[in-house]
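Let me begin by presenting the structure, written as structure tokens, before commenting on it.
The values are calculated or read from the model by the stated rules, or taken from the named source; none is laboratory data. Because the structure is predicted, anything quoted here is derived from the model rather than measured. Note that we place each Cβ from the backbone using ideal geometry, even for glycine, and neighbour counts take in every protein chain shown.
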Amino acid sequence: MTERIFRPPKLIYGSGIVADIFPTDVPYAVATMPVPWDLVRGRTTAQAPTAVIMTSDMSMESLEKAAADVPPVDVVYGIGGGSSHDMAKFIAMKQGCRVIQVPTMIGGDAAVTPTIVIRQEGRVTSIGYVPVEQVVVDFDLIRTAPPELVTVGACDALSSITAIWDWRLAADLGLETWDDDLFRSALSVIERLRAGRYEIRERTDAGIRAIFEAFVVYAEMAHTLGGSRPEEGSEHFLAYNIEYISRRGFVHGQLLAVCIAAMSYFQSNHFDQTMSLLSDMGIPVDLEQIKVTEEVFIRALVTLREFVRQSDYYYSIAHHRDISKDEAVECLRAIQGWGNRVKQGACSLRS
């Protein structure tokens, strides 16, 4: 087997830089959606791409069809959010070409990570590995997105709050090997995000930069460890179960915020501190906003143990214990109680 060589993508920062990102002498393709493509196309006078693929769903059938429609190109640009980034990586994998990501929002870490994530039979699955050459972080472009579609990106790093707890549980049970160095690296990322929480809330250049640099650190850790253990635990598995029950996708970070809150509650893992941090970052923890009903949320918690046992997921509190309906309702009310206080302006640590 050929060893995978991980090279972190080059992060290119600036304002207004998207105008000059496209090549003038080689064919290129774009994987995107209508709104982000209009945003970027209106900021450049570059030659038209060889192909523009509008990302719809992330099923294997849709990916294969889209890739087949793209003639040979030198580079694929993923423009938009996570689905567009994964589509770009899939096309690049099929063609053996380069991939450059241009986020117009920050829903998660798909722009930075080399893994390609799809949904098969309603379950989230990784199917490939394509290193990203560059990530073009145009601060002004990203700030055109609604605020909550920028701040929630931090949740793909804040997930370490609950994922590390799960990893420690598995190690204490003798099921996995603990790594102190990676643990300290993960904690340092969380602390840097905590220190920059108000920059993230205001979507300043520094706040946006902090999120992307956290993604790179976690991608490097995943390569070192051979998996995403330090950032993927019961919070991700709950999100996957909600997607499985709902049979639809979500903005990853928005759903993950709710799931980090829920699993920190069941872990007795600094729930109030976690909710306060999310609030300070301007990250909504709101089922209604992401159109998840209370019934679906409760069902996802109650069936979580069964769900993870049917999948090849890291050991976590979701494997370790059942969650009763009464406990799920108590968790929901605790999250909603925090949400109500945030709306009343009573929960920010900022003075």
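Scanning the stretch 91-125 for residues that are hydroxyl-bearing (Ser, Thr, Tyr) and assigned to a strand (DSSP E or B) yields a count of 2. Return yes or no: is Ala29 surrounded by fewer than 19 Cβ atoms within 10 Å (Cβ to Cβ) and more than 23 Å from the chain's Cα centre (by Cα)? Criteria not met by Ala29.
Residue under question is Leu193, and the condition is that it be modelled with pLDDT of 95 or more, farther than 21 Å from Gly80 by Cα, under 16 Å from the mean Cα position of the chain (by Cα) and not assigned by TED's automatic domain parsing to the domain that holds Gly96; does it hold? It is true that Leu193 is modelled with pLDDT of 95 or more, farther than 21 Å from Gly80 by Cα, under 16 Å from the mean Cα position of the chain (by Cα) and not assigned by TED's automatic domain parsing to the domain that holds Gly96. Against the numbered list (1) surrounded by fewer than 18 Cβ atoms within 10 Å (Cβ to Cβ); (2) touching a Ser or Thr at 6+ places or on another chain (Cβ under 7 Å); (3) farther than 23 Å from Val35 by Cβ, Asp181 comes up short only at (2).
Of all the residues that make up the stretch 91-113, how many are over 23 Å from Pro146 (Cβ atoms) and under 13 Å from the mean Cα position of the chain (by Cα)? Here the count works out to 1. Only one entry of Ala88, Ala51 meets the criterion of being assigned by TED's automatic domain parsing to the domain that holds Pro131 and either touching a residue at least 40 places away in the same chain (Cβ under 8 Å) or of a type in the set (Ser, Thr, Tyr) (or both), and that entry is Ala88. The set of residues in the stretch 139-172 being surrounded by fewer than 18 Cβ atoms within 10 Å (Cβ to Cβ) and within 20 Å of Leu238 (Cβ to Cβ) consists of Arg168 alone.
Of everything in the stretch 126-163, what is at pLDDT below 95, in a strand (DSSP E or B) and either hydrophobic (A, V, I, L, M, F, W, C) or in the same structural domain as Met275 (by TED's automatic domain parsing) (or both)? Give them in sequence order. Of everything in the stretch 126-163, just one residue is at pLDDT below 95, in a strand (DSSP E or B) and either hydrophobic (A, V, I, L, M, F, W, C) or in the same structural domain as Met275 (by TED's automatic domain parsing) (or both), namely Ile127. Here the condition is being hydroxyl-bearing (Ser, Thr, Tyr) and more than 15 Å from the chain's Cα centre (by Cα); of Ser228, Ser185, Ser234, it holds for Ser185 alone. Could you look through the stretch 263-292, keep only residues that are of a type in the set (D, E, K, R) and part of a helix (DSSP H, G or I), and pick out the one that is surrounded by the fewest Cβ atoms within 10 Å (Cβ to Cβ)? Only one residue tops the list, namely Asp272.
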